[in-house]
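Worksheet: the structure to be examined is printed underneath.
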Amino acid sequence: MDNEQRQVIDVEEILERYAVGERNFANTFIEGSDELAGADLREVNFSNSILAEMILEGVNFSSANLRKAHLGLSILYSANLQGADLSEAILTFSEFTGANLTNAKLVNANLSGASMDRVNLTNADLTGCNIEEASAR
């Protein structure tokens, strides 16, 4: 799916719609924003969406559907991704320092070049995950 087939939504609209109970934002395009930092987006569906180059520090994506999402070059410091589905997601060169990926599904995800310092990967499914040049301390 190319960008022309994705719905472009600004962060404010997502937060407003989420607040009234909407969870499905699949196939959306959001780029280069820091307004989602610290947001509570539990169980949101951003499958096949573009959230690249975003500051997502402290965001709560627990149990979220981020399958095939593009989050490359994003900052996810201390993000809660517990139980999230990140299968086939593009996470290249993203910063995950202090993130919680407990029970996350990262099957065939691309984490090449990602920073994984102090990341909790307890029971995470990393089957087929590309971790080339990823770093962790």
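For the chain, the convex hull spanned by the alpha carbon atoms encloses 82 Å³ per residue. The sum of -39500 (n - 2.57) across all DSSP H runs of n ≥ 4, divided by the residue count of the chain, sets its helix-only mean residue ellipticity at 222 nm to -2000 deg cm²/dmol.
Taking label points 7 Å from Cα along the Cα-to-Cβ direction, residue 7 and residue 34 give a separation of 2.8 nm.
Give, rounded to the nearest 20 debye, the magnitude of the charge dipole that the chain has about its Cα centre when Lys and Arg contribute +1 at Cβ and Asp and Glu contribute -1 at Cβ.
Working: 9 positive and 21 negative charges, 114 e Å.
Computed charge dipole of the chain: roughly 540 debye.
Solvent-accessible surface of the range 87-137, taken per residue with a 1.4 Å probe and all protein chains present: 50 Å².
Computed from backbone phi with θ = phi - 60° and the Karplus coefficients 6.51, -1.76 and 1.60, the 3J(HN,Hα) list for the range 51-56 is 10, 6, 6, 10, 9, 10 Hz; x is used for glycine and proline.
Can I get the semi-axes of the range 62-101's equivalent ellipsoid? Compute them from the C-alpha gyration tensor as square roots of 5 times the eigenvalues, in angstrom, largest first.
Details: eigenvalues 42, 38, 7 Å².
Three semi-axes, in Å: 14, 14, 6.
Between residue 63 and residue 127, the modelled labels are 2.3 nm apart [label points 7 Å from Cα along Cα→Cβ].
Our coupling estimate for the range 88-100, obtained by passing each phi through the Karplus curve with A = 6.51, B = -1.76, C = 1.60 and θ = phi - 60°, is 6, 6, 9, 10, 4, 6, 7, 10, 10, 3, x, 6, 9 Hz, Gly and Pro reported as x. Our note on the geometry: Cα centres of the range 14-42 and the range 79-137, 21 Å apart. Rolling a 1.4 Å probe over the protein heavy atoms gives the range 25-68 an accessible area of 39 Å² per residue. Amide H contacts for residue 40 (H built 1.01 Å from N in the peptide plane; partners 5 or more residues away or on another chain; cut-off under 5 Å): 60.
Taking all protein chains as present, what is the carbon and sulfur share of the accessible area of the chain, in % to the nearest whole number, probe 1.4 Å?
On the way: 2830 of 6680 Å².
Carbon-and-sulfur percentage of accessible area, whole number: 42.
The values are calculated or read from the model by the stated rules, or taken from the named source; none is laboratory data. Fair warning: this is a prediction, and the values are worked out from it, not measured in the lab. Every residue, glycine among them, receives a Cβ derived from its backbone with ideal geometry; neighbour counts consider all protein chains shown. Please note that ligands, DNA and RNA were not included when accessible areas were found on the heavy atoms of the full protein model with its side chains. Shrake-Rupley method; radii C 1.70, N 1.55, O 1.52, S 1.80 Å.
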